[in-house]
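Novice: The structure follows.
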Amino acid sequence: MARGKRAVVVGAGAVGIAAARLLARQGAAVTLIDPARAIGGAWRAFEAEPGADVEEQGLRFDRGFRVGESTGDARLDHALFGSLDLEWRRSPGYAREGHVVGGRLSTHARCPDARAFGEAVAARALIEIHGARPDALAVDLAATLRARFGPTLTETLYRPAFHKLFGVDLETLAPEAGRGRIPSRVTLTDHGQTERHLRESSALRARLAHPSSRGLRAPGQATLVPARGPAEGWIRAGLADLARDPSVSVRPGARLASVRRRGASVDAVILDGGELIPTSCLVWTRSAASLLRATHLATATPRLPARDVALVHLVADVEPATDVVRAQLYDEPAQIASAVFYRELRPAASALERRAVTCEVLLDPHAPLDERALSQAALAELCEVGLMPAGARLERAWFERFSGALPIPTVEVGQADQRARLAVGELTNVALLPGGSDAPLRCTLRAADREVSRLLGTSPLSRAA
Ligand SMILES: Cc1cc2nc3c(=O)[nH]c(=O)nc-3n(C[C@H](O)[C@H](O)[C@H](O)COP(=O)(O)OP(=O)(O)OC[C@H]3O[C@@H](n4cnc5c(N)ncnc54)[C@H](O)[C@@H]3O)c2cc1C
């Protein structure tokens, strides 16, 4: 136990709340700070009309986060999920999801891992290539992609992703594929299969340049699904658990201004407004680059290319035509990546929510955006592939944008992050636990267990006797 230790956790999303609970469980006094007034990070529910009587009007949406991921360790799972006043069911992989490829829906397919984004992009690229007629392999792929996705996405997303996986430029990729140097079939509908293809191809393996490619996800990862209600239940139950502990202080609306350093450690954080919180250790759930700025270890951190993700919450005049909970969409228009259907996620949903669908949309950060047109296009695509009844009309739509949510997987991004992590590594009492879309949540939660124990000088829960 670590009685007498004080910890500050920065960022009250899924990772910060989990880290705070682990710290408190090991006996530390914890302050959890977040600049947002409504805490919970990306997993918290979305109020379509802030200020409205949301319960009555039924305008409270969860964002479609499907699951809490099992960490793969029974003790840690128990501490983070099982110890809460919440019922879970275990689901092997992501059951009952569907994939739409080429306009057809398959509900038997398993979900590709969104976090293995570079691989997904490349797998999609292979579909592009192999879906084309053999003579089309000779075409200029760069020109084809530019015509289809526009110059920004082609240059900032596809070109680096292709280069990362194949070590060749767009202009030479199609001829390479034609010579059989790229596997003949990679499917997006089973990430395990995608992964096996990538692993088994020695030509590809040698070319995987980006550090994140080394941790390709094992197939069949178990997931923990709240037995009732949305995934946000985990966040709310975690916050309620923290509220019961008198040595924990949760501070919404608290923005960190800087940290005070003493040699190689941080001994206090300073909030906007000047309040100073002494601490024996710091858990940082944002990026390494943002910690460098706060600790003044480096004044200039590079701007990395990133892609935006938007969630469009649609309400149509009819219910979805399918029982599928979540569908991945890989066809036109290409920006729409997946859709979540609420009637399965929220059994107790109001009539309005049964007609609601959330679409995850990949956005070109530099392109002009017409939210209404994009919402219409999303609904039209759902109708086209049969997920919504033909002729469904859009009644209302709400739009949320996550800027820079998907870092584009280039070698430079990996190297810049590596440099930032090395610099942060100089601080002995700081744990860096960036979650977000860059790391699978289960890996971050396991890292939280290890790091909390390191900071407190105790044994990780996952290794406790
Ligand atoms: C559209 C989308 C869909 C996703 N779908 C899934 C999914 O289905 N399943 C899944 O497991 N993961 C999914 N992810 C990844 C998801 O982001 C993570 O699982 C989870 O949110 C990570 O939690 P976090 O605590 O790292 O980040 P967040 O939940 O983003 O929380 C970060 C917190 O830090 C706070 N913060 C920001 N800046 C500062 C600062 N300077 N100081 C202090 N606090 C700060 C924010 O206010 C926020 O509360 C998705 C991500 C996106 C964008």
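Novice: Taking the Cα-to-Cβ direction at GLU47 and at THR428 and moving 7 Å from each Cα, how far apart do the two end points lie in nm?
Specialist: About 4.6 nm, to one decimal.
Novice: Can you sort HIS296, HIS78 by how many other beta carbons sit within 10 Å, fewest first?
Specialist: Lowest count first: HIS296, HIS78.
Novice: Mind giving me the nanometre distance, one decimal, between the label points for ARG260 and ARG293, set 7 Å out from Cα along Cα→Cβ?
Specialist: 2.4 nm
Novice: If each of ILE270 and ALA390 carries a label point 7 Å out from its Cα toward its Cβ, how far apart are those two points in nm?
Specialist: My value for the distance between the label points is 6.6 nm.
Novice: Next up: Which order do THR279, THR285, THR444 fall in if you start with the one that has the fewest other Cβ atoms within 10 Å?
Specialist: Lowest count first: THR444, THR279, THR285.
Novice: Next question, about the same structure. Around GLN376, what is the net charge, scoring Lys/Arg as +1 and Asp/Glu as -1 over all other residues with Cβ under 11 Å from its Cβ? Intermediate values should be presented prior to the final figure.
Specialist: On the way: positive: ARG372, ARG393; negative: ASP370, GLU371, GLU381.
Result for the local shell: -1.
Novice: Test of understanding: ordering PHE399, PHE46 by Cβ neighbours within 10 Å, fewest first, what list do you get?
Specialist: PHE399, PHE46
Novice: What is the sum of charges around GLY274, taking Lys and Arg as +1, Asp and Glu as -1, for the other residues whose C-beta is under 15 Å from the C-beta of GLY274? Mind showing how you got there, number by number?
Specialist: Values: positive: ARG251, ARG255, ARG260; negative: ASP272, GLU275.
That sum, taken over residues with Cβ under 15 Å, equals +1.
FYI, it's all coordinate maths here, none of it is from the lab. Quick caveat, the model's predicted, so the values are computed rather than measured. Cβ atoms come from the backbone with ideal geometry, glycine included; neighbour counts cover every protein chain shown.
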